[in-house]
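Okay, structure first, notes after.
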Amino acid sequence: MLPCEQLAKSIRRETVKMIHKGRASHVGSCLSIADILAVLYAGTLRVRPDEPEWSERDRFILSKGHAAAALYAVLAIQGFFSKSDLEGYSQEDSLLIGHASHLVAGVEYSTGSLGHGLSVGCGIALWFQRASLPQRVFVLLSDGELNEGSNWEAILFASHHKLDNLTAIIDYNKMQAMGRTADILKMDPLAGKFSSFGWVAREIDGHNLTEIAQEMNCLPFKPGHPSVLIAHTVKGKGVPFMENNLLWHYRTPSDQDLLQALWEIGE
């Protein structure tokens, strides 16, 4: 497997190339989670790339399904399926559609309509708990997605059932489709909200690979309580001309954008 730093760069490179070729979007949303995915798939998750349906695997759900390109990239790099399949991203007859699809090896649940991933994760975690199984569940959400009330029902549910095998990770890049999250629906103090619902919350730099890995190794943060990592991230991270630029929520990279992005990532 690739070391985390190299894996994160590879995720970014493949993601930008896929979105460019597929004339797709959400590149900024993908780049902000590349470091989190790198840590998860470099060793945090108990998975077997050559056996995606291994019964004892941990479960990872990308609730912000519009960032599917980054998830497909890390799965291909780690060997769940051939990297050549990435060439067909968001194109006719390809399984790699623009939002996460469970038909792709390594993808647990189809997502795209926001606000459902955490509820599904709660159900799986409750099943593991009641069956006394050791598997863990990780759900990666966007900050804008927390506008959906269904998440807060799930947050209450997880605490009530003491799901300490469940970890939520918030991609807190502070931007969503139509603007800054603070302007659309203020979420702060986010850690305080989770804490008041019975979760143990920790805030981290979502691009510091060492810090992410250290916190992942401490899970659960407290027995009998679900854990949440609030990862402060930058939309478009790793490509300076895309960073903190709302245009890259939907814009497709041009040929020149692709060349510049690959140069900045370190192609």
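The values are calculated or read from the model by the stated rules, or taken from the named source; none is laboratory data. Bear in mind that the values here come from a model prediction, so they are computed numbers and not experimental data. Here Cβ is always computed from backbone atoms with ideal geometry, including for glycine, and neighbour counts include all displayed protein chains. Calculation scope for accessible area: heavy atoms of the full protein, side chains included, ligands and nucleic acids excluded. Shrake-Rupley method; radii C 1.70, N 1.55, O 1.52, S 1.80 Å.
Six or more apart or on different chains, Cβ under 8 Å: which pairs go from a residue in the stretch 251-267 that's closer than 8 Å to Val16 by Cβ and open to solvent by 50 Å² or more (accessible area, probe 1.4 Å) to one that's part of a helix (DSSP H, G or I) and modelled with pLDDT of 95 or more? Could you list them? Short answer, once both residue conditions are applied: none. Restricted to the stretch 173-229, and to residues there that are assigned to a loop (DSSP other than H, G, I, E, B) and of a type in the set (Gly, Ala, Ser), the residue that is farthest from Gly115 (Cα to Cα) is Gly224.
Residue-by-condition table, conditions (1) surrounded by fewer than 19 Cβ atoms within 10 Å (Cβ to Cβ); (2) not in a helix (DSSP H, G or I):
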position: Ala76; (1), (2): no, no
position: Ile97; (1), (2): no, yes
position: Ser150; (1), (2): yes, no
position: Ala154; (1), (2): no, no
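In this structure, Ser227 does not satisfy being over 22 Å from Ser29 (Cα atoms) and either without any contact (Cβ under 8 Å) to a residue 40 or more places away in the chain or open to solvent by 30 Å² or more (accessible area, probe 1.4 Å) (or both). Note on the stretch 186-195: residues that are modelled with pLDDT of 95 or more and not polar (S, T, N, Q) total 6. Taken together, the residues in the stretch 145-203 that are in contact with an Asp or Glu (Cβ under 7 Å, 6 or more places away or on another chain), touching a residue at least 40 places away in the same chain (Cβ under 8 Å) and more than 19 Å from Asn245 (Cα to Cα) amount to 2. The set of residues in the stretch 16-69 that are touching a His at 6+ places or on another chain (Cβ under 9 Å) and acidic (Asp, Glu) contains only Asp35. I'd like to check something: does the stretch 236-247 contain any residue that is surrounded by 13 or more Cβ atoms within 10 Å (Cβ to Cβ), small (Gly, Ala, Ser) and closer than 26 Å to Ser159 by Cβ? No, because not a single residue in the stretch 236-247 is surrounded by 13 or more Cβ atoms within 10 Å (Cβ to Cβ), small (Gly, Ala, Ser) and closer than 26 Å to Ser159 by Cβ.
Only one of the numbered conditions (1) over 15 Å from the mean Cα position of the chain (by Cα); (2) surrounded by 19 or more Cβ atoms within 10 Å (Cβ to Cβ); (3) of a type in the set (Gly, Ala, Ser) is not met by Ser142, and that is (1). For the stretch 21-56, filtered to residues that are open to solvent by 40 Å² or more (accessible area, probe 1.4 Å) and assigned to a helix (DSSP H, G or I), the residue that is farthest from Leu209 (Cα to Cα) is Lys21. Would you check if Phe60 is surrounded by fewer than 23 Cβ atoms within 10 Å (Cβ to Cβ), of a type in the set (A, V, I, L, M, F, W, C) and within 23 Å of Leu141 (Cβ to Cβ)? Criteria not met by Phe60.
Is it the case that the stretch 40-56 has a residue that's over 29 Å from Glu243 (Cα atoms) and in contact (Cβ under 8 Å) with a residue 60 or more places away in the chain? Yes - at least one qualifying residue is present in the stretch 40-56. Does at least one position in the stretch 182-202 carry a residue that is in contact with a Phe, Trp or Tyr (Cβ under 8 Å, 6 or more places away or on another chain), open to solvent by less than 10 Å² (accessible area, probe 1.4 Å) and of a type in the set (Val, Ile, Thr)? There is no residue in the stretch 182-202 that is in contact with a Phe, Trp or Tyr (Cβ under 8 Å, 6 or more places away or on another chain), open to solvent by less than 10 Å² (accessible area, probe 1.4 Å) and of a type in the set (Val, Ile, Thr).
In the set (1) open to solvent by 60 Å² or more (accessible area, probe 1.4 Å); (2) in contact with a helix residue (DSSP H, G or I) (Cβ under 6 Å, 6 or more places away or on another chain), the condition left unmet by Ile212 is number (1). With respect to Ser101, is the statement that it is open to solvent by 20 Å² or more (accessible area, probe 1.4 Å) and not in a helix (DSSP H, G or I) true? So Ser101 fails the test.
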